[in-house]
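Shown next, in structure tokens, is the structure this report addresses.
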Amino acid sequence: MSDFIQKVISNHLGASLISFHPVSGGCINDSYHIKTNNGGYFLKWNKKELLEMFRVEKKGLALLNEHSPVHSPKVISFGEMDDKSYLLTEWIEKGGQNTRFWENFVRNLALQHQVTMDQFGLDHDNFIGSLPQSNKQHHSWHSFFINERLKPQLNMASSKGLIDLGTQKKFDSLFNQLEELIPDEPPALIHGDLWSGNFMINSEGEASIFDPAVHYGHRETKLAFTQLFGGFSSELYHYYNEEYPLAPGFDERVDIHNLYPLLVHVNLFGSSYLSGINQTLRRFS
């Protein structure tokens, strides 16, 4: 393992390896904090066949680095070596939040969400976790959400025997109501997988976000996702509404937006996540 790491940092940094330590938190890749004679770096790798996953992550981080005031790690390189594919980035040192942490983070997040395009989606597909995520562009968010988010996950779950016909029919009923249930919004640049595991406080006391599934989507979907597994202060929503107010009734729409990440979890981890989906669907069937 040390030979592989030394090759990567020699090729891209011209540095010498001092030490390397595994980093916890991910369930897809092998991840390490690398210490060299010219500083620290983050390196993760997987099978050679998964190079595309790192290629689009690099593009997503570059998009955030270019357009978002929220910090994301800078990519140094990605590629193939031996039987592995890998991604090498700067190392983000953990710290403690400063006194205006939530206000600064949320105002910057709101500014990120004001970066827009003329269509929902992206000019390339990427991944949500280890699952493929289609970003085919649509002029309507409702069409994008149904055809590029919910239906692909439903089809995958159905092929695995995790979703029955009754549940699929309830989704069809919801699809017919989405246009009137969710307010129109311009496409917003969103991280795409913003939960507490892809978010940390850096050594400057500011927020850093990483492992993106970037696209131009409905900004409510990402604010809804922050409520699904916890880890975010209620101050987030207070400051967000000061900076970039949401349409009235957001709290009633959260569960609709979270159908997508819940379906992703069904496909990744099994049917235990179906209860939350069915609870939401019962409101609209």
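For beta carbons closer than 6 Å, sequence separation of 6+ or different chains, a first residue in the stretch 106-120 that is farther than 19 Å from Gln137 by Cβ and a second that is assigned to a helix (DSSP H, G or I) and open to solvent by less than 30 Å² (accessible area, probe 1.4 Å), the qualifying pairs are Val106/Leu236; Val106/Tyr240; Ala110/Tyr240.
For the stretch 20-76, a residue qualifies if it is more than 18 Å from Met200 (Cα to Cα), open to solvent by less than 20 Å² (accessible area, probe 1.4 Å) and assigned to a strand (DSSP E or B), and the qualifying residues are Ile34, Thr36, Trp45. Of the residues that make up the stretch 110-128, is at least one assigned to a helix (DSSP H, G or I) and of a type in the set (Phe, Trp, Tyr)? No: zero hits. Condition first: touching a residue at least 12 places away in the same chain (Cβ under 8 Å), of a type in the set (Phe, Trp, Tyr) and closer than 14 Å to Asn267 by Cβ. Can you find one or more residues in the stretch 144-164 that meet it? For the stretch 144-164, residues touching a residue at least 12 places away in the same chain (Cβ under 8 Å), of a type in the set (Phe, Trp, Tyr) and closer than 14 Å to Asn267 by Cβ: absent.
So in the stretch 119-174, with the set limited to residues that are among the charged types (D, E, K, R) and open to solvent by less than 40 Å² (accessible area, probe 1.4 Å), which one is nearest to Leu259 (Cα to Cα)? The selected residue is Arg149. The residues listed here are Tyr260, Tyr273, Tyr237; of these, the one that is part of a helix (DSSP H, G or I) and either of a type outside the set (Ser, Thr, Tyr) or more than 23 Å from Asn155 (Cα to Cα) (or both) is Tyr237.
For every residue, the table says whether it meets (1) in contact (Cβ under 8 Å) with a residue 24 or more places away in the chain; (2) outside any helix (DSSP H, G or I).
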site: Met200; (1), (2): yes, yes
site: Glu204; (1), (2): yes, yes
site: Ser208; (1), (2): yes, yes
site: Pro245; (1), (2): no, yes
site: Leu268; (1), (2): yes, no
site: Asn278; (1), (2): yes, no
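The values are calculated or read from the model by the stated rules, or taken from the named source; none is laboratory data. Because the structure is predicted, anything quoted here is derived from the model rather than measured. Counting neighbours? That spans all protein chains shown, and the Cβs are built from the backbone with ideal geometry, glycine included. When the accessible area is computed, the model is the full protein with side chains, heavy atoms only, and any ligands, DNA or RNA have been set aside. Shrake-Rupley method; radii C 1.70, N 1.55, O 1.52, S 1.80 Å.
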